[in-house]
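Asks: Dropping a structure here in structure tokens format, bear with me for questions.
The values are calculated or read from the model by the stated rules, or taken from the named source; none is laboratory data. Since we're looking at a predicted model, the values are computed, not measured. Quick note on the areas: whole protein, heavy atoms, side chains included, nothing else; ligands and nucleic acids left out. Shrake-Rupley method; radii C 1.70, N 1.55, O 1.52, S 1.80 Å.
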Amino acid sequence: MSGSRWLIVAVTVAWLVPPVAYTVTGQEPGTSVGNPLLVVVIALAVGALHVWHAMSCLRGGPSPGWPVSLALLMVLVYLPLQWWSWSWVSTQCFGVASLALLLRPRPKLWLPIAAGLLIAPALIDAVRLGPLFGMLSAAYDLAALTVAAGSLYGSVLLVQVVEELRETRPALAAAAVSEERLRLSRDLHDLLGQSLSAVSLKGDLALALFDQDRLMARAEVAGMAEVARDALRDIRAITRGEHSVSLRSELDGAAVLLDTAGIQTDITADLPADLGSPEERLLAWAVREGVTNLLRHSRARTCAITIAPRAGTVELTIVNDGASAGRGRGSGLAGLADRARALSGTVTASHDGEHFRLGVSIPHAPDRKTR
């Protein structure tokens, strides 16, 4: 038996001690105890039957013979009442708890029976002791029995939850590792794609200028080294989970990079003042991915980047006139779509002749201040 299941045994023993102690010591006047060992044996049988019912429920459902064991438990709980009277009455919490566990999928069946089992002794106590004191005693009996039965029932549910969590822990750990790997893969792809494209572009320019203008070629080589250093810093930040992107810096960097590539660029950004950080990061990654794809897969002459609010959304469009022949969706666009879905957004990519259009749309509800 696993460590967590001992909790059920402990709670069962804790609620068995009071009725056994009251009965053996003769707390109820006029009761016939007889042999105290018999009280202990019957109490152990009651506890064993309840624990059996609890363990069978933890194994996936009641055992086939549960009606017989439940009937035997009820006999051991209610039959001794005629000899041991109210000293033994608290044992009915075991009958109520077992009934609730065995018939848990059918609450319409067991709830009325359990309520009747709990209320009946309280009403008998009220009649036996008179109106005022009887009502107080009945309320106490009902509350105590409900707490006892609830703790017996709840301990089984608690153990069940603990065991389910223990079983799912490896799966949760594997999912967390997979999610972290996906994040690293996505961030490295989005980061290195543009950085390597910039290094390649500046390297080509340096080679072209080497024989014509050594100073300009040297400047391009220096710029290439600076891009490489920035990429190294970003990679280190990504591995520590500290990397962040800025939409404004991505737009400025895109303008410089596209201008260096000789691409005529028009950037229009009408950003809402209350745009959240997650939305801004998504748009920044979209600009980076769109510009990277443009430099790597097209021979565009013009590019238009537009960000504007529209009908409850913020939309980003990147359009260029150098659509390549390949029409597939790469891993970069797939990663961008994953980021967008996390914010209930969408990513679209379409071709229209020589024009390629990348669109990102994310929900945005502007803050409205009431006067």
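Asks: May I ask you to compute the full-extension gain from Arg106 to Arg233, defined as 0.36 nm times their residue separation minus their alpha-carbon distance, rounded to one decimal in nm?
Replies: Between Arg106 and Arg233, full extension yields 39.6 nm more.
Asks: Please list Thr146, Thr313 from largest to smallest accessible area, probe radius 1.4 Å, with all protein chains kept in place.
Replies: Putting Thr146, Thr313 in descending order of accessible area: Thr146, Thr313.
Asks: Given the whole protein assembly as supplied and a 1.4 Å probe, what does the accessible area of His297 come to in Å², nearest 10?
Replies: So the heavy atoms of His297 present about 100 Å² to solvent.
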